[in-house]
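The values are calculated or read from the model by the stated rules, or taken from the named source; none is laboratory data. This structure is a prediction, so every number in the text was calculated from the model and none was measured. Neighbour counts run over all protein chains shown; Cβ positions are idealised from the backbone, glycine included.
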Amino acid sequence: MSQEGPLVEPLGSSDDPIDVCARFLDLPFLLFLDSASSHSHSGEAQQLERFSFLSADPVSLIRSKGRNTEVRHGAGAWSTAPDDALSVARALLPHPPPSPVPGVPPFQGGVAGYIGYDWGAVLERLPSARYDDLAVPDVLLGLYDWVIAWDHRESTAWLISTGLPEQGGGRHNRARERMSQVRKRLASRVGTLAGGQRGSENVTRDWSSAAPSGSSVSGPPNSRAAEPLVR
């Protein structure tokens, strides 16, 4: 039997996703998955382009370089994990999973991040790269407990809060607390695109903190990785 679903608050038409994103630039590991197409397609496989998602400040992080996997909870230290990155991420999700809320965009909290091309060497017997030109994790995933989700076709948005990683009654209380924190930022007009330089500096700090010890990082990876977690 699945657990009770997340708390959901309709936001109406809301502001433009990019403008809303600017209000969260100071939070760590900001995740912004924005619809890149204004065209309408038929078929279920094409429907995700109608949605945009924003989250930040994940409750846990998983990173992997080669066969070495580490996990960090909250503001704690990185610790070695015995399994591969995807197995560790799966273990952080609630079992059984919460019931999804119908009528709301499909990503309602959970694991998001990137899996780089080089992680394929963990799954197959491939020679290691001669040079580590990126010096960033092959995998970097976050467990996100709240999401702002837009449905561009319906011109509306929702604030979703799961209460993760708490269990039982504590989950509901945490979900309300996090929802309140996000709502305060939405009500403020602090943070604009003019602050892009400060946001760019935050991106570098986040990637540096996520890179394994001894690495040198100047920013997110190039196109060899999927959508990165940025700040």
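Of all residues in the range 152-192, those satisfying the criterion of being part of a strand (DSSP E or B) and within 18 Å of the chain's Cα centre (by Cα) are Ala157, Trp158, Leu159, Ile160, Ser161. Only one of the listed residues (Gly120, Gly103) is out of contact with any Asp or Glu (no Cβ under 6 Å at 6 or more places or on another chain), at pLDDT below 95 and assigned to a helix (DSSP H, G or I). That residue is Gly120. Considering (1) farther than 16 Å from Pro28 by Cα; (2) without any contact (Cβ under 8 Å) to a residue 24 or more places away in the chain; (3) loosely packed, with under 14 Cβ neighbours inside 10 Å, the lone condition that Pro96 does not fulfil carries the number (2).
Is it fair to say Asp145 is within 21 Å of the chain's Cα centre (by Cα), modelled with pLDDT of 90 or more and acidic (Asp, Glu)? So Asp145 passes the test.
Sub-9 Å Cβ pairs linking a first residue in the range 157-180 that is without any contact (Cβ under 8 Å) to a residue 40 or more places away in the chain to a second residue that is in a helix (DSSP H, G or I), at least 6 apart or interchain, are Glu166/His172; Glu166/Asn173; Glu166/Arg174; Glu166/Ala175, ordered by first then second residue.
Here's a check for you: in the range 77-118, which residue that is under 20 Å from Leu33 (Cβ atoms) and among the aromatic types (Phe, Trp, Tyr) is farthest from the chain's Cα centre (by Cα)? The residue in question is Tyr117.
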